[in-house]
Structure formats: structure tokens, C-alpha cells
1. Give the residues of region 106-152 that are of a type in the set (S, T, N, Q) and either in contact with a Pro (Cβ under 7 Å, 6 or more places away or on another chain) or away from the ligand (no atom under 16 Å from the Cβ) (or both), sorted by residue number.
2. For Trp289, all conditions in the list (1) part of a loop (DSSP other than H, G, I, E, B); (2) more than 16 Å from the ligand (Cβ to nearest atom) hold save one; what is the number of the exception?
3. Checking the structure you have, find out if any residue of region 177-188 is acidic (Asp, Glu), over 22 Å from the mean Cα position of the chain (by Cα) and farther than 20 Å from Leu235 by Cβ.
4. Does Gln305 meet the test of being touching a Phe, Trp or Tyr at 6+ places or on another chain (Cβ under 8 Å) and in contact (Cβ under 8 Å) with a residue 24 or more places away in the chain?
5. Of everything in region 68-112, what is within 20 Å of Pro177 (Cβ to Cβ), in contact with a Ser or Thr (Cβ under 9 Å, 6 or more places away or on another chain) and aliphatic (A, V, I, L, M)? Give them in sequence order.
6. Could you check region 350-382 and list, in sequence order, the residues that are in a strand (DSSP E or B) and more than 29 Å from Leu41 (Cβ to Cβ)?
7. Conditions: (1) in a loop (DSSP other than H, G, I, E, B); (2) surrounded by fewer than 20 Cβ atoms within 10 Å (Cβ to Cβ). Ser65 meets all but one. Number of the miss?
8. Mind listing whichever residues of region 376-400 are in contact with a strand residue (DSSP E or B) (Cβ under 9 Å, 6 or more places away or on another chain), in contact (Cβ under 8 Å) with a residue 60 or more places away in the chain and surrounded by fewer than 21 Cβ atoms within 10 Å (Cβ to Cβ)?
Amino acid sequence: MNFDHAPADILDRLTQLRLADAPTHGGRVLSYVYDSGLAELDELAASAIRAVQPVNGLDPTTFTSVAVMEREVIEFARELLGGDTDVVGTVTTGGTESCLLAVKTARDVWRGVGSSARTGTPRLLAPVTVHAAFQKAAHYFGLEIDLVPVGPDGVTAAQDLIDRFDDDVALVVVSAPSYAHAAMDPVVEVAAAAAQRGIACHVDACIGGWVLPFWEGVEPWNFAVTGVTSISADLHKFGYAPKGVSVLLQRGRDRQRAQYFATTRWPGYPVVNPTILGSKSAGPLAAAWAIIQALGTSGLAELAQSCARSTRAVRDVIEGIDGLRIVGNPVGPLVAVAADETVPADRRVDAHHWADQARLHGFLLQLQPSLAQSDGTVLPATTHLTITPVTQSVLGELSTALRSAADEVRGLPAVSAEVALAALPAEVGAALLAPDAPPLTSEQAGGLLAMMGLAEASDGLPDRMAPLLALIGALPSTLTERLLTELIARLVETPR
Ligand SMILES: *Cc1c(COP(=O)(O)O)cnc(C)c1O
């Protein structure tokens, strides 16, 4: 075969493209990537992926290695998460798929598959801090989502959820911990009350699931808690596997079977899918399976202890910075940081200016917008940091960067929503805020992005994100969602 391009040239080009990516290793990106800092673990994962590269994970009866690996991963997870033999599970392609399937299962159980079918719209109940994947699940699967306000520090009051229990609630979700603030939700109280009402209770431990079992002083949150019916836990986070692997565990075989889709009503092969995809890679599963065996619980515990030490160190640094504060009482290796409103304005450090400035010092932190809750209270703008084992190797540099960045922006007021809006050309502002404006066409949305200076996002996002985040806070969410959709869609489109 004569190839169009030589493999070496193709790979050279890929190497070039990868150079423009944010660094996946080395601890300079404090979100998205979960670096164990162990090169041999990455090598093992790569070899495992290669070994199953041509396998189709669709059919574990034809490719029996898939069934064996999945069984062993689920067995390991079940023991780690306090499950007895009544707990069964599935390996999924990631946290979002685990969450989607938890909701889909609960919806179908609520409807009473096959028996006394319930009608009407089921409700998905959760604190507003629940991961966006649950909004997506409600949207995909036709549930009403009921997001309950939390305290200013992202803390959920159990009673606020319990007060909203009713017969239409198909699932209540709590997080261990939440992604945005690392807040531990009141799992014991909510799950117990849910069990009494016959409501399913999902614990979203996507980020905590593989690290909290080794964390000190954590309130009970796993299957040992009465009333917990399912748990999601991502292997591609603190299981250190490459992206594409998570687990969803469910209590009770009968409820778990509602997760499946099966049909023999077409002229092709019988379809039996526990997850959303049909044909799928076995690579991430093989990588996770290999990593679990290499680390075992003792290895996972050691890495978690490294995360705990580094988290303590990073928290100490931030707590020592005048004008910043850690939000709430975070549990696990992640924190949200906000401006300290208790000090005078000239000593305050705006969390978003701080993150933008830290980027100039070589560290990528994650900006989180402020959020107006349904009760009128506002959760403050924050900056998110996820700590991983590799953080230890850059602690000194990171600490200096966090302190210097704060010194450089201290006293600089937050970009206000009004100023962000006023900075837009007048016609943009008018177009954006026109009430009852019809949905924007792709052309119109693209025009607005261009006037906002955001049309050229193919070179990555702007250097300073604070103004963009202020705009997100200032505009109606349907509008920002539309504009961001346009921005991302255009990244992969050939220009017209
Ligand atoms: C990461 C995360 C998810 C979603 O997981 P993806 O793997 O990004 O799809 C859900 N819930 C929590 C708490 C998370 O941290």
C-alpha cells in the first residue's frame, strides 16, 4: 500500500500539535489531568491499551478478556466502596456516562418497568452544586431537574433536600465531594430519609471515589450507608487511568438490570448493552485494570497520602495569602478559592484575576463563575485547584506562583458584570439583551463572538479569562450557552 503520508511524517505532525496542548504531566495544570507522577504506570497503561487495541468491547462473549477485566475491576471497586455481594456494577467510558446511567436506571425503576407503570414526569432532585452531568442526564432522559440552593460555602443542608421529597422524585443525588467546592454532602441523612420514602439515592463520587477511601476524617458516604442505591467513581481521575473509564455500582441486581438496553427486534445481531455505546474500545478498561493491579489498595493509599500532604500544603499557602480564602471546608484533594470579603477592598484578591495571573507564572488554574441560585443568593466566583500526586514535585514553585500572583493583583477589583457588558460594542449589548429575541442563527452568534473579540478561538482561549467569566455571569444563561456552543462548534469547523 502506498500511503498518502508516511507514518513518520504523520506522527511528527501529531508531535507538533501536541506541543500546543496544555502540559498533561508535571503538575502545571490543576484540573482535567490526574498525574500519578509515576512514569512506569503510564507505560503499563499504554501497553495494556495496545494489547487490546483491535478488541471490540461490545461483545464480552466473543472477546472474553473484556468480561474478565470488567469483573475484576468491579470486584475491586465494590470492596473499596463498602459494597456487599448485593452490589453489582459496570465499567463505563467516564463520569458523565456513569451519571447518565444512574439517572436512566432510576427513571426506569421509578416508572416501574413492566409492572404497575407510573406516568408523568419524574423529578431529579439535587443540590445546585451537583455536577452538570446530572443536568445533562435530566435533559437527555426527560426528567424535571430540581436544583436546591446551598449555603454560601457550597454546603448542602440535608433538610432542604428532604423537604422536597415527594412521589415524583425518581432520584436524589448527593456528592462525595462536589466538584466545584469539594463540599461533602450529607449522605447519611439524605440516604436514610430517601430509603424511608422509597426514593433512590445516588452518591456521585466521580472525583472522590478512588481517593476518599484513604482520606482521614471523612463522614460515611459509601455503600455501608443505608439507603445509598448507586455510586459513580471515575477511574480516569484518582484511579490514574487514561481518559475513558469510570465505574457505576448499583445496589441490587434487579434495579441494576434496568440500566440495560436489550432488543431482538431487528434483523441484525441481538443487542444487549449495559452502557450507552455499542461498539467500544476496551483500551481504557484494560489500562485501568492493569493500574489497579499494579497499585493495589496500598499503592492507591500511598498516592492518596501524597495528595493529602500536598493539599494541606497548598491550603496553608492560600490561607496565608491576604485577601483570599478557601471556600467552605473542602474534603479531598481539591479546593475552591474566593476573594476574602472580610478584608478591605484594597487588600482583597479577586479569584479570577489571581488565576489569570498564576497562568503567567506557569500554572493553569480553573476559573468557576459566580452563580445566582433560585432563592436569590449568589455563590461567589471561585478558582478551582485539583491536587494530584505529582503536585508534590512542584510544591515550591506552585507556592511561589500562588503568592506572587496574589501580590500582583491585590486590590484590583473584580471585572464587574456592568463593565463587561459596557465593554461590548453598543449594538452587541442591545442584541444580547433584547428580551424575547428569537434564537440566534449560527451566523448571528458568530457575528456577536467576532464583535466580542472571541471569533479566533482556534488559537486557544484569550490570555485573560476574568472578563469572559464576568460576561458569563452578566448575560442570561440561555444566551451564554448559545454563544459558547457556537465558539466550540467553530473550533472543529472549516471556515465558510
Ligand atoms: C468529573 C466529574 C463528573 C463527570 O465526569 P467526566 O468524567 O468528566 O464525564 C461528575 N461528577 C463529579 C463530582 C466529577 O468530579
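Each reported figure results from applying straightforward, stated rules to the coordinates on display, with no laboratory input. Here the structure is a predicted model, which is why all the values come from computation and not from measurement. All Cβ positions, glycine included, derive from the backbone under ideal geometry; neighbour counts span all protein chains shown.
1. In the first step, residues of region 106-152 are kept if they are of a type in the set (S, T, N, Q); the result is 115-116, 119, 121, 129, 135.
Residues satisfying the conditions are Ser115, Ser116, Thr119, Thr121.
2. (1)
3. Filtering region 177-188 for residues acidic (Asp, Glu) gives 185.
Now restrict to residues that are over 22 Å from the mean Cα position of the chain (by Cα): none.
No - not one qualifying residue is present in region 177-188.
4. Numbers: touching a Phe, Trp or Tyr at 6+ places or on another chain (Cβ under 8 Å): yes; in contact (Cβ under 8 Å) with a residue 24 or more places away in the chain: yes.
Taking the combined requirement at face value, the residue satisfies it.
5. If the condition is that a residue be within 20 Å of Pro177 (Cβ to Cβ), in contact with a Ser or Thr (Cβ under 9 Å, 6 or more places away or on another chain) and aliphatic (A, V, I, L, M), then Leu80, Ala102 are the ones that fit.
6. Residues of region 350-382 in a strand (DSSP E or B): 364, 366-368, 371-372, 378-379, 382.
Of everything in region 350-382, those that are in a strand (DSSP E or B) and more than 29 Å from Leu41 (Cβ to Cβ) turn out to be Leu367, Gln368, Leu371, Ala372, Val378, Leu379, Thr382.
7. (1) is the only condition that Ser65 fails.
8. Matches in region 376-400: Pro380 only.
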